[in-house]
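To start, the structure under review is shown below, and the notes come after it.
The values are calculated or read from the model by the stated rules, or taken from the named source; none is laboratory data. Here the structure is a predicted model, which means the values were calculated and not measured. Cβ placement follows ideal geometry from the backbone for every residue including glycine, while neighbour counts extend to all protein chains displayed. Quick note on the areas: whole protein, heavy atoms, side chains included, nothing else; ligands and nucleic acids left out. Shrake-Rupley method; radii C 1.70, N 1.55, O 1.52, S 1.80 Å.
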Amino acid sequence: MRLKTTLFLLALLAFISSLIGVYIHYTSLQANFLAKAREEGESKAEAMRIRLSAFLSEQLKPVSALAGMEQLEDALIFKSDGKLKAANRVLDHFNSALGVDVCYLMDSNGDTVASSNRFDADSFVGQNFKFRPYFQYAMRSVPRTYLALGTTSLKRGVYFSYPVHSDKRLEPVGVVVIKDRMEKLEELLSTGTGELIFLTAPSGIIFASSSPQYIFTSEGKITPEVQRELSETRQFGEGPWEWSGLSYPEPNTAYDRLGKKYLVYRRGVERFPGWSIQVLVESDYDYLNYLKPLYSENRPLVLPLILLICVSVGILYRRASMEVLQRRNAEAALRHNEERFRTLYNQTPAMLHSIDPSGRLVRVSDYWSELLGYSREEVVGRNLTDFMSDESREHAINVVLPNFLRDGFAKEIEYTFIKKNGEPIDVLLSAITERDDEGKIFRSIAVLVDVTERKRAERGLQQARKMLENYSRDLERQVRERTLEITNILKYTPAVVSLKDREGRYLLVNSRFSEMFKIGSDKVRGHSDEEIFPPDVATLLSGHDRRVLEAREPFSVEERMEWEGAVRVYLTVKFPLFDEDGVVTGVGSISTDVTALKEAQEELRRLSSRVLEGQERERAAVARELHDELGQVLTALKMDAVWLAERLKDGDERAADHAHKMSENIDRTIDEVRGMVMNLRPGVLDDLGLIAALEWLSDEVERRTGIPCTFRHSELPRLGTVAETAIYRIAQEALTNVARHSGAARAEVALKREAGNLILTVYDDGEGFDVEPGKPFESHGLSGIRERAELIGGSVEITSVSYGGTRVKFTLPIDAHIREPEN
């Protein structure tokens, strides 16, 4: 009885277990079905997004390179026929090389000036596209990728725009555009597996589809605002944009007009805000309806089967228990071995992968996925050749894989894999196959060795060898050219050129040296200055050579030497000669005869001095005439006007008032004449000296201009008339510039004696101006200041910065200009 109960319970348990198993199996199949469907849909959407992003980035680098072509810049700037033809040739070349629809160039107004389709019926030349956003963004120096329907060709395309810049302008001078064909995009969307795939704009317009009937239809009803915006941009033509017939009651579900249900998988498009890629998969698979016929057909067999199971349970229980125990032990050992193999496979520091006979990856090591930048989930199930370059993929499919499946092994096959970031990696692949009990290949294991650096080094070595050969040939050519040039320079230059070693022995002299000193170059080489020239000339030359050797840097000097009864002046540049280790090996010298120039400069200085002296004499004469003649006349008129005013004040007040005003006008005229006399030749300069004259000048400038002007000085001896006059005129001209040009709030004049020099400084805090180093002063009267300074042997230094003030500093060696005391 206990056995029957036990068997009954076992049968009942078996029945219940069967029902539970059926239910669990059903729910598991349903869950697996839905999960697999979702996973496949998500995977397809993600793969489509990646491919689309790659396609939309394909022409970014080519359009950037095209924008940098010099012919396009010249065509936009000059717009001559020749420049436009050159630009068209470049556009034709890029169009042919890239296999795109058209390449064209627009000026800054949006007019197309050159195009690769200029001979077609729908030529872009002369068309204006400034309303296009890709043109507007590019003119703001922002490259743009734009999807739209062509307004001229009425063909959809992907537009890649890039600004064309010029060194002469900050803003772009135009825009170059590459329009790619839509056939490439349609091929990406056509998977052949029955899904609907849409590329949808932010406005809801379907721009591309795996089914042509949906192109330029709308996901939903278009609002008037969106309708107006689409009409203005003409991005998708003139319209109308009818409803696609798809409704989206739920976020991931869609229904068509016939009520067919689709599962929707949506992904955003990189660098295109609002754009999305959608994958719609039919969802008409009713899992329960699929199981009902199976259940109805097998229902009569269920009870006998359960009874049979109950009877068999007791018989097989013991044996099953033993087998279960043995199986558990075997499975535990198998799991342990598999875990060890998996750990070794995944964690080994080498690239390992396994593929099935169809070439799909079934396992990759951690190092494999890390090196290529993918996760294991992204690669398992995909074809191995998907990760290869085009050349390697073709070689693998046509040659390597057929031989590998036939022979069962492959050794050191060179491949180029492409990382996720687009970077290529060179590998050597060795692999063997694994076969089942029937001898069929079911899997392979491959080891890949990264040889990228070695390949890069080999390519770099080959390139370097070619470059070295080219460089050597070019260097030999340049040496020949430079040698010829130097030989001609040494032969025909009017300068005297020589090279010496450290001991002062001549290594080389040019023909001018031999002509001047009347000695052949063969008699000069190997000899020193002491062996060739008189002692005074040799001492002069060797002394300058020693200075170069000690300082290890070049310098220029005027050398005066007497040769054959004539004194000549040379402007000589001495410079050290270095070897490859930086050691000074000798001295070079280039001497230019400036005797005539020096004589002309001295004559010019004497002439200028006489001119300025004549000017000062003339100024003094005019000042005396004004003071003695006009001054006396004005004084007499003043006295008469005062007398007349006194006589008329009691009888005719109006006439007396006019006489009084006449007296005031005469006073002002006397002041102006006095100022003119002082400007022409201040008597205080002749009577009291330079310090008193500068003090009067500072006060006069402050009185006339209202600019506070201070004067500081130290004790100085009286100088010669020429020197004092020149210094006074320099200060006067500098203060005149302050009053006229600087807009200063204050000015300062300083006169002092320092280290044997007289230093005059005139400073103001006005606007200033930019002083270019080495450029002569030719504005604001500065040339006159410089000329007066040089005539008396002084120098002028002017420092000025825009809005930072100006400082004029005059320096004069004082000893030669001190006035001899009068007896």
The lone exception for Gly720 - which of (1) over 22 Å from Val796 (Cβ atoms); (2) modelled with pLDDT under 80; (3) surrounded by 14 or more Cβ atoms within 10 Å (Cβ to Cβ) it fails: (1)
Residue within the stretch 10-28 that is of a type in the set (Phe, Trp, Tyr), loosely packed, with under 14 Cβ neighbours inside 10 Å and either in contact with a Ser or Thr (Cβ under 9 Å, 6 or more places away or on another chain) or modelled with pLDDT under 90 (or both) present: yes
The stretch 335-349 residues that are modelled with pLDDT under 70, paired with ones that are in a helix (DSSP H, G or I) (beta carbon under 6 Å, 6 or more apart): Asn346/Asp366
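Here are Leu66, Leu84, Leu72, Leu76: which of them is at pLDDT 85 or above, in a helix (DSSP H, G or I) and touching an Asp or Glu at 6+ places or on another chain (Cβ under 7 Å)? Spell out the reasoning first.
Numbers: Leu66 fails: touching an Asp or Glu at 6+ places or on another chain (Cβ under 7 Å); Leu84 fails: touching an Asp or Glu at 6+ places or on another chain (Cβ under 7 Å); Leu72 fails: touching an Asp or Glu at 6+ places or on another chain (Cβ under 7 Å).
Step by step, each of Leu66, Leu84, Leu72, Leu76 is checked, and only Leu76 is at pLDDT 85 or above, in a helix (DSSP H, G or I) and touching an Asp or Glu at 6+ places or on another chain (Cβ under 7 Å).
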In the stretch 242-274, the residues that are assigned to a loop (DSSP other than H, G, I, E, B) and aliphatic (A, V, I, L, M): Leu246, Leu258
Any strands (runs of 3 or more DSSP E) falling wholly within the stretch 345-460 and containing at least 1 residues that are among the small types (Gly, Ala, Ser): 351-355, 409-418, 424-435, 441-450
Residue within the stretch 442-451 that is free of Cβ contacts under 8 Å to residues at least 24 places away in the same chain and small (Gly, Ala, Ser) present: no
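Could you grab me the full set of residues in the stretch 87-101 that are aliphatic (A, V, I, L, M) and assigned to a helix (DSSP H, G or I)?
We begin by selecting, within the stretch 87-101, every residue aliphatic (A, V, I, L, M); these are 87, 90-91, 97-98, 100.
Answer for the stretch 87-101, where residues must be aliphatic (A, V, I, L, M) and assigned to a helix (DSSP H, G or I): Ala87, Val90, Leu91, Ala97, Leu98.
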Given (1) under 21 Å from Arg786 (Cα atoms); (2) not in a helix (DSSP H, G or I), index of the condition Gln732 fails: (2)
Scope the stretch 191-211; condition at pLDDT below 80 and either open to solvent by 70 Å² or more (accessible area, probe 1.4 Å) or farther than 21 Å from Leu56 by Cα (or both); matching residues: Gly192, Thr193, Gly194, Glu195
Residue under evaluation Leu230, criteria (1) part of a helix (DSSP H, G or I); (2) open to solvent by 80 Å² or more (accessible area, probe 1.4 Å); (3) within 25 Å of Ser153 (Cα to Cα), criterion not met: (2)
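Sort through Ala86, Ala47 and tell me the only one that's open to solvent by less than 60 Å² (accessible area, probe 1.4 Å), free of Cβ contacts under 8 Å to residues at least 12 places away in the same chain and not polar (S, T, N, Q).
When all the criteria are applied, what remains is Ala47.
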